[in-house]
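Enquirer: The structure is given below, and queries will be raised subsequently.
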Amino acid sequence: WADMIAFDSTQLPEGEHHYCAFLGRRDGRSVRLGHQQLLERYQDSLRMVERIPDALAGAMGNQMYLAVFDGKRELNRFYKDGLAEA
(Lines give C-alpha, C1' and ligand atoms only; values in the text may rest on other atoms or scores of the structure.)
Protein backbone atom coordinates (compact mmCIF):
# COMPACT_ATOMS: atom_id res chain seq x y z
CA TRP A 1 0.00 0.00 0.00
CA ALA A 2 2.77 2.42 0.93
CA ASP A 3 4.57 1.71 -2.37
CA MET A 4 1.40 2.57 -4.29
CA ILE A 5 1.05 5.89 -2.44
CA ALA A 6 4.73 6.83 -2.65
CA PHE A 7 5.65 5.47 -6.10
CA ASP A 8 2.30 4.80 -7.86
CA SER A 9 3.47 1.19 -8.29
CA THR A 10 4.78 -1.66 -6.21
CA GLN A 11 8.46 -2.08 -5.55
CA LEU A 12 8.07 -5.80 -4.87
CA PRO A 13 9.40 -8.22 -7.48
CA GLU A 14 6.74 -9.84 -9.62
CA GLY A 15 5.99 -13.39 -8.54
CA GLU A 16 4.09 -16.29 -9.98
CA HIS A 17 0.66 -15.68 -11.49
CA HIS A 18 -2.41 -17.63 -10.42
CA TYR A 19 -6.16 -17.47 -10.91
CA CYS A 20 -8.24 -16.73 -7.82
CA ALA A 21 -11.83 -17.97 -7.82
CA PHE A 22 -14.75 -16.99 -5.60
CA LEU A 23 -17.69 -19.37 -5.62
CA GLY A 24 -20.84 -18.53 -3.66
CA ARG A 25 -23.67 -21.00 -3.11
CA ARG A 26 -27.17 -20.43 -1.80
CA ASP A 27 -28.73 -22.73 0.77
CA GLY A 28 -31.51 -24.93 -0.51
CA ARG A 29 -30.24 -25.28 -4.09
CA SER A 30 -29.73 -28.79 -5.36
CA VAL A 31 -26.15 -29.16 -6.60
CA ARG A 32 -24.38 -32.15 -8.10
CA LEU A 33 -21.36 -31.94 -5.75
CA GLY A 34 -22.25 -31.40 -2.11
CA HIS A 35 -20.19 -29.33 0.30
CA GLN A 36 -18.04 -32.25 1.50
CA GLN A 37 -17.46 -33.53 -2.03
CA LEU A 38 -16.32 -30.09 -3.18
CA LEU A 39 -13.95 -29.86 -0.20
CA GLU A 40 -12.44 -33.25 -0.97
CA ARG A 41 -12.08 -32.66 -4.72
CA TYR A 42 -10.44 -29.22 -4.36
CA GLN A 43 -8.70 -29.54 -1.00
CA ASP A 44 -5.30 -28.55 -2.43
CA SER A 45 -6.66 -25.41 -4.10
CA LEU A 46 -9.06 -24.07 -1.49
CA ARG A 47 -7.75 -21.19 0.61
CA MET A 48 -10.92 -20.19 2.47
CA VAL A 49 -14.28 -21.86 3.09
CA GLU A 50 -16.73 -19.86 5.20
CA ARG A 51 -20.37 -19.12 5.82
CA ILE A 52 -21.34 -15.66 4.60
CA PRO A 53 -23.12 -13.40 7.11
CA ASP A 54 -26.85 -13.07 6.48
CA ALA A 55 -26.45 -9.35 5.76
CA LEU A 56 -24.33 -10.18 2.70
CA ALA A 57 -25.85 -13.54 1.71
CA GLY A 58 -28.46 -11.98 -0.57
CA ALA A 59 -25.74 -10.77 -2.91
CA MET A 60 -23.05 -13.41 -2.36
CA GLY A 61 -24.75 -16.67 -1.38
CA ASN A 62 -24.75 -18.40 1.99
CA GLN A 63 -21.56 -20.43 1.61
CA MET A 64 -18.34 -19.23 0.01
CA TYR A 65 -15.30 -20.98 -1.37
CA LEU A 66 -12.11 -19.15 -2.31
CA ALA A 67 -9.64 -21.15 -4.39
CA VAL A 68 -6.41 -20.57 -6.30
CA PHE A 69 -5.45 -22.30 -9.57
CA ASP A 70 -2.41 -22.29 -11.84
CA GLY A 71 -4.42 -22.35 -15.07
CA LYS A 72 -7.74 -21.38 -16.59
CA ARG A 73 -8.72 -24.97 -17.30
CA GLU A 74 -8.61 -25.81 -13.58
CA LEU A 75 -10.45 -22.59 -12.74
CA ASN A 76 -13.24 -23.33 -15.21
CA ARG A 77 -13.57 -26.92 -13.96
CA PHE A 78 -13.96 -25.61 -10.39
CA TYR A 79 -16.81 -23.32 -11.44
CA LYS A 80 -18.45 -26.04 -13.51
CA ASP A 81 -18.24 -28.59 -10.67
CA GLY A 82 -19.26 -26.10 -8.00
CA LEU A 83 -22.30 -24.69 -9.78
CA ALA A 84 -23.67 -27.75 -11.61
CA GLU A 85 -27.22 -28.48 -10.54
CA ALA A 86 -28.30 -31.97 -9.56
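Enquirer: Roughly what angle does helix 72-83 make with the longest principal axis of the chain, taking Cα atoms, 0 to 90 degrees, to the nearest 10?
Expert: 40 degrees
Enquirer: If you don't mind, another one. Label points 7 Å out from Cα along the Cβ direction at Arg26 and Asp70: separation in nm?
Expert: A separation of 3.7 nm, rounded to one decimal place.
Enquirer: Accessible surface of Arg41 in the full protein assembly, 1.4 angstrom probe, to the nearest 10 Å²?
Expert: 130 Å²
Enquirer: Counting only protein heavy atoms and using a 1.4 Å probe, what share of the accessible area of the chain belongs to carbon plus sulfur, as a whole percent?
Expert: Ligands and nucleic acids excluded, carbon and sulfur reach 52 percent.
Enquirer: May I ask which residue of Gln37, Ala6, Leu75 lies farthest towards the positive end of the charge dipole of the chain, with charges of +1 (Lys, Arg) and -1 (Asp, Glu) on Cβ and the Cα centre as origin?
Expert: Checking the options against the dipole of the chain, the answer is Gln37.
Enquirer: Would you mind working out the accessible area per residue for the chain, using a 1.4 Å probe, and quoting it in Å²?
Expert: Per-residue value: 76 Å².
Enquirer: Okay, moving on. What is the log10 of I(q)/I(0) for the range 25-83, computed with the Debye formula using one identical point scatterer on each Cα and no solvent, at q = 0.17 Å⁻¹?
Expert: Calculated log10 I(q)/I(0) at the listed q: -0.57.
Enquirer: Mind checking the full-extension length gain between Leu39 and Arg77? Use 0.36 nm per residue of separation minus the Cα-Cα distance, one decimal, nm.
Expert: The Leu39-Arg77 span can extend by a further 12.3 nm.
Enquirer: Residues with amide H under 5 Å of Ile52's amide H, sequence separation 5 or more or different chain, H placed in the peptide plane at 1.01 Å from N; which?
Expert: HN-HN under 5 Å from Ile52: Gln63, Met64.
Enquirer: Can you list residues whose amide H is under 5 Å from Arg32's amide H, if they're 5+ apart or on another chain and H is modeled 1.01 Å from N?
Expert: Ala84, Glu85, Ala86
The values are calculated or read from the model by the stated rules, or taken from the named source; none is laboratory data. Everything numeric in this text was worked out from a predicted model, so none of it was measured. Reconstructed Cβ throughout: ideal geometry from the backbone, glycine too, with neighbour counts over all protein chains shown. Only protein heavy atoms, including side chains, enter the accessible area calculation; ligands, DNA and RNA are left aside. Shrake-Rupley method; radii C 1.70, N 1.55, O 1.52, S 1.80 Å.
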